[in-house]
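The values are calculated or read from the model by the stated rules, or taken from the named source; none is laboratory data. Fair warning: this is a prediction, and the values are worked out from it, not measured in the lab. Cβ sites come from the backbone with ideal geometry, for glycine too, and all protein chains shown count toward neighbours.
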2 protein chains.
Amino acid sequence: MTSTRDSQSDDQKPDNPLIAPVSLISILRQIEDGSLTPEQSIQASLERISAHDPAIKAFECVSQNALDEAKSRKGPLAGIGLAIKDVFDTQDLKTECNSPIYHGCTPNADASLVAMSRAAGCSVLGKTVTTEFAFFQPGATCNPHNLDHTPGGSSSGSAAAVAAGMAPLALGTQTGGSVIRPASFCGVAGFKPSAGLLPTVGMKTFSWSLDTAGLFAKGVEDVAYAASVLTGRHMRVDDGQISNPTLGIARTHSWNEANPAYREQFESLVSSLSTFGINLIDIPITDEFIAAFHAHQVIQDYEAKQALCWEYENHPDKLSPLLRETLDFAQTIKPSDYDEARMLADYASQQLDEVFEDVDAIISLSAPGPALKSLASTGSSIFNRTWTLFGLPCINVPGLMSEDCLPLGIQIIGPYMHDHDALLIADMVEKAIQRHLSR
Amino acid sequence: MTSTRDSQSDDQKPDNPLIAPVSLISILRQIEDGSLTPEQSIQASLERISAHDPAIKAFECVSQNALDEAKSRKGPLAGIGLAIKDVFDTQDLKTECNSPIYHGCTPNADASLVAMSRAAGCSVLGKTVTTEFAFFQPGATCNPHNLDHTPGGSSSGSAAAVAAGMAPLALGTQTGGSVIRPASFCGVAGFKPSAGLLPTVGMKTFSWSLDTAGLFAKGVEDVAYAASVLTGRHMRVDDGQISNPTLGIARTHSWNEANPAYREQFESLVSSLSTFGINLIDIPITDEFIAAFHAHQVIQDYEAKQALCWEYENHPDKLSPLLRETLDFAQTIKPSDYDEARMLADYASQQLDEVFEDVDAIISLSAPGPALKSLASTGSSIFNRTWTLFGLPCINVPGLMSEDCLPLGIQIIGPYMHDHDALLIADMVEKAIQRHLSR
């Protein structure tokens, strides 16, 4: 009752013309061997956008300059079309954060990560739909796997754009679970690196100690390649491997809130991983871990009330009720509550460091289930927020599918600044899933 | 051969009409007892600006709305005019970072700290001169103590504006020594809180792990009062004290680079502090501390090349040669150099935590000497950058003066997040300086 994203001819899964993620690495190989030009690559993205975005609504706006950029940009990512979550400043495109407060506003400069992407050769395809200020109020984007379902959030449009083959690479951000969850719901690879590895300068801040920039692409090797270029660090997985890693299974305290069929698939996968050279042990979920889980929200909301002070003071009527109520409540959080939450987080993070002495990475669910049949909510970050709080590299590994053909992601979490190892393990797991499903 | 800032009738010091810092607390007391209205307070600031800024050049622009704000704003800082370093976004005033790249640019929103200051009652007087992007290329501001001398930087205009009585409160930022040094050169209190205590959201980033927002006001009690309001934490020193603190004397590895007469005054002060109830011990300057000192620049420049990527890629010709060369060099810094620098910094910071088990705060020089007779350089941050790297609260205590009537600051450095204690000690030292000098 499962099928991989790549086995679309599988008769158990109806062929969905909206799902056609394109591998960034395969584009670069075709450009290298002369079978594709950068302009053709960008043109192909634009045609997919033109054909399918009216249904999916992943883009807030599409750039008129993408083809021109393709002609002039040089660098290792030349010919790669980039979709940018609309919380990153772009000098040539409006940046509205899905808020009427910023309606029609165009920044004076590109965000650092946007400028770095262009300097690396990317052509900007457009800006993608975010929830309001990357919080919870959904935008218009639909899940390309089933248009009645949420694509997840807050990086809704970026995940959907990659899944639908409208962009081979997309930028997103994660404060709770805003990269990993939409990647899981849309069946693509999502990579939230260690905190600070990709700059957040010029990105709309919600919570400065949690906000992390991340990447979406078709598979793990694709996000790893882009991350390698953008960070200047060796993160590629298409030219290396890791031997006999040990994975810690984190069945967190929220485990019972996850969809039972999803948990079954997780257990079935996990029990097969040893045959693919991966060792597995259970890791403890301590009281300190659970305390840190709860500390996340205190830290997030306390910082948000400062980060969004101007909006709250000057345009309360233009905030969604959900965000306004959150900020109303945040006014009551005391500095001492915040300090205690940070202390709890530090303590639990140090405790987890000891777990990482025995395991190379952690494996868990990416979300509580498949994408919900609703566009009124983008889902919950209960399987993501603690890892984000600890600043750890997280990867959504696509491949598993629910009975009704919705993606189910597997999350790999690495030790802080061990992003390359985490990506190598995620790549192993991705391949294991494909073989596991083809049995 | 010395005089305090307050003893302007002292016949050893020529009366300088440009020096007339106004105490924020005294303004608030006068407003409270009905002897001053908020509008009168703002009007007085505007009149000082009008009379003296043509000579001092502290302001990039003066707000036309300050009096209107004074009429409408409520809160604990109502009636306080605020001068804002021109790296903080302001929705109603241009924000140019002293760079032609941003000539005429007005942001879409206020930076968080600006919005929070307004919400607390402040009226914005205008934007103050910064060095280019808060780096080293000077702006036009002169030191009000002697117009041929630098006011220090990068928060040049903010320090000068407070010293000249043009603003009772000013915002600045520090990446190396950009709050403490200009406060020292201009003879006012400067407070760089623990990293993260004042939000940097909406402030132009140079180096995200070092950039810290800070405050300038007449005396320690004034910056402490404003910090108390803006952070929502108890930081006031006008209603409390600390008993028999122990200060560690940090004669750092750069000590010999400091002006000898300044060092003499430092030693004379330090030897008198025990009579004011302050215990003193020498603290060791370790190899690790010196390694961290050098690590600061690696971290700063590596982050700056990312933070200023858009400017570097698109407008290299509009960067000063000094900044462009710094960014050229920064392109050669490897991620592994950066990681090592961060590791060295962490290690030295932990080592210093052990020192703080024996001392309540550290006392050192604020700068290598008095303000240099030059407007071509704002001076050096060698006495500041390591503390900034560690994220520690630093206060410039004014009071000492050189033989030629230029201020000489004393720096108090506290343990991370022990800002209130550091301020209480700085207040004690400020009072001790006044009594020390009147002997």
Next item on the list: Give the residues of region A:254-285 that are farther than 23 Å from A:Gly399 by Cα and surrounded by 15 or more Cβ atoms within 10 Å (Cβ to Cβ), sorted by residue number.
Entry: A:Ile283, A:Ile285
Next item on the list: Provide a single number: the residues in region A:335-360 that are within 22 Å of A:Ala426 (Cα to Cα), assigned to a helix (DSSP H, G or I) and in contact (Cβ under 8 Å) with a residue 24 or more places away in the chain.
Entry: 4
Margin query: For region B:64-81: of the residues being in contact with a strand residue (DSSP E or B) (Cβ under 9 Å, 6 or more places away or on another chain) and in contact (Cβ under 8 Å) with a residue 60 or more places away in the chain, which is nearest to B:Ser45 (Cα to Cα)?
Written below: B:Gly81
Notebook entry, point to check: If you check A:Ser381, A:Ser364, which single one turns out to be surrounded by 19 or more Cβ atoms within 10 Å (Cβ to Cβ), among the small types (Gly, Ala, Ser), in a strand (DSSP E or B) and touching a residue at least 40 places away in the same chain (Cβ under 8 Å)?
Noted result: A:Ser364
Next item on the list: With the condition kept exactly as written, say whether any residue in region A:190-201 is touching a residue at least 40 places away in the same chain (Cβ under 8 Å), crowded, with 24+ Cβ neighbours inside 10 Å and of a type in the set (S, T, N, Q).
Entry: no
Notebook entry, point to check: Mind checking which pairs have a first residue in region A:400-418 that is among the charged types (D, E, K, R) and a second that is assigned to a strand (DSSP E or B), Cβ under 9 Å, 6 or more apart or different chains?
Noted result: A:Asp404/A:Asn146
Notebook entry, point to check: Does any residue of region B:207-214 turn out to be without any contact (Cβ under 8 Å) to a residue 60 or more places away in the chain, more than 9 Å from chain A (Cβ to nearest Cβ), among the small types (Gly, Ala, Ser) and within 30 Å of B:Glu311 (Cβ to Cβ)?
Noted result: yes
Next item on the list: Of all residues in region A:121-144, count the ones that are surrounded by 23 or more Cβ atoms within 10 Å (Cβ to Cβ), outside any strand (DSSP E or B) and either at pLDDT below 95 or in contact with a Phe, Trp or Tyr (Cβ under 8 Å, 6 or more places away or on another chain) (or both).
Entry: 4
Check: Consider A:Lys71 against the criteria (1) surrounded by fewer than 23 Cβ atoms within 10 Å (Cβ to Cβ); (2) part of a loop (DSSP other than H, G, I, E, B): it satisfies all of them except one. Which criterion is unmet?
Finding: (2)
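Kindly evaluate A:Glu430 against the criterion of being part of a loop (DSSP other than H, G, I, E, B), of a type in the set (Asp, Glu) and over 18 Å from A:Phe293 (Cβ atoms).
no
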Notebook entry, point to check: Within region B:168-175, can one find any residue that is of a type in the set (Gly, Ala, Ser) and within 23 Å of B:Lys431 (Cα to Cα)?
Noted result: yes
Margin query: Only one of A:Ala159, A:Ala163, A:Ala227 is farther than 19 Å from A:Leu18 by Cα and aliphatic (A, V, I, L, M). Can you tell me which?
Written below: A:Ala227
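For every residue, the table says whether it meets (1) among the aliphatic types (A, V, I, L, M); (2) crowded, with 17+ Cβ neighbours inside 10 Å; (3) under 30 Å from B:Asn98 (Cα atoms).
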| position | (1), (2), (3) |
| --- | --- |
| B:Met203 | yes, yes, yes |
| B:Asp211 | no, yes, yes |
| B:Val229 | yes, yes, yes |
| B:Asp239 | no, no, no |
| B:Ser243 | no, no, no |
| B:His294 | no, no, yes |
| B:Val298 | yes, yes, yes |
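In region A:74-100, which residues are farther than 21 Å from A:Val201 by Cβ and either within 13 Å of chain B (Cβ to nearest Cβ) or among the polar types (S, T, N, Q) (or both)?
A:Lys74, A:Pro100
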Margin query: For the structure I just gave you, tell me whether A:Glu221 is more than 23 Å from the chain's Cα centre (by Cα), in a helix (DSSP H, G or I), more than 30 Å from A:Leu308 (Cα to Cα) and of a type outside the set (Gly, Ala, Ser).
Written below: no
Item checked: Of all residues in region B:305-338 being of a type in the set (A, V, I, L, M) and in contact with a helix residue (DSSP H, G or I) (Cβ under 7 Å, 6 or more places away or on another chain), the one that is nearest to the other protein chains (Cβ to nearest Cβ) -> B:Ala307
Item checked: Scan of region A:229-251 for residues that are outside any loop (DSSP other than H, G, I, E, B) and away from chain B (no Cβ under 11 Å), ordered by number -> A:Val229, A:Thr246, A:Leu247, A:Gly248, A:Ile249
Checklist line | Those residues of region A:367-378 which are crowded, with 23+ Cβ neighbours inside 10 Å and either of a type in the set (S, T, N, Q) or free of Cβ contacts under 8 Å to residues at least 40 places away in the same chain (or both), in sequence order | finding: A:Thr378
Next item on the list: Check whether at least one residue in region B:102-120 is surrounded by fewer than 24 Cβ atoms within 10 Å (Cβ to Cβ), more than 11 Å from chain A (Cβ to nearest Cβ) and either in a loop (DSSP other than H, G, I, E, B) or of a type in the set (Val, Ile, Thr) (or both), and report yes or no.
Entry: no
Note to self: Among the listed residues B:Ala167, B:Ala183, identify the single one that is outside any loop (DSSP other than H, G, I, E, B) and crowded, with 24+ Cβ neighbours inside 10 Å.
What the structure shows: B:Ala183
Check: Hey, does region A:252-272 have a residue that's under 18 Å from the mean Cα position of the chain (by Cα), without any contact (Cβ under 8 Å) to a residue 24 or more places away in the chain and outside any loop (DSSP other than H, G, I, E, B)?
Finding: no
Next item on the list: Identify the single condition in (1) within 11 Å of the chain's Cα centre (by Cα); (2) at negative phi that A:Ile84 does not satisfy, given that it satisfies every other one.
Entry: (1)
Note to self: For the structure I just gave you, tell me whether A:Ala307 is under 28 Å from B:Ser112 (Cα atoms) and in contact (Cβ under 8 Å) with a residue 60 or more places away in the chain.
What the structure shows: yes
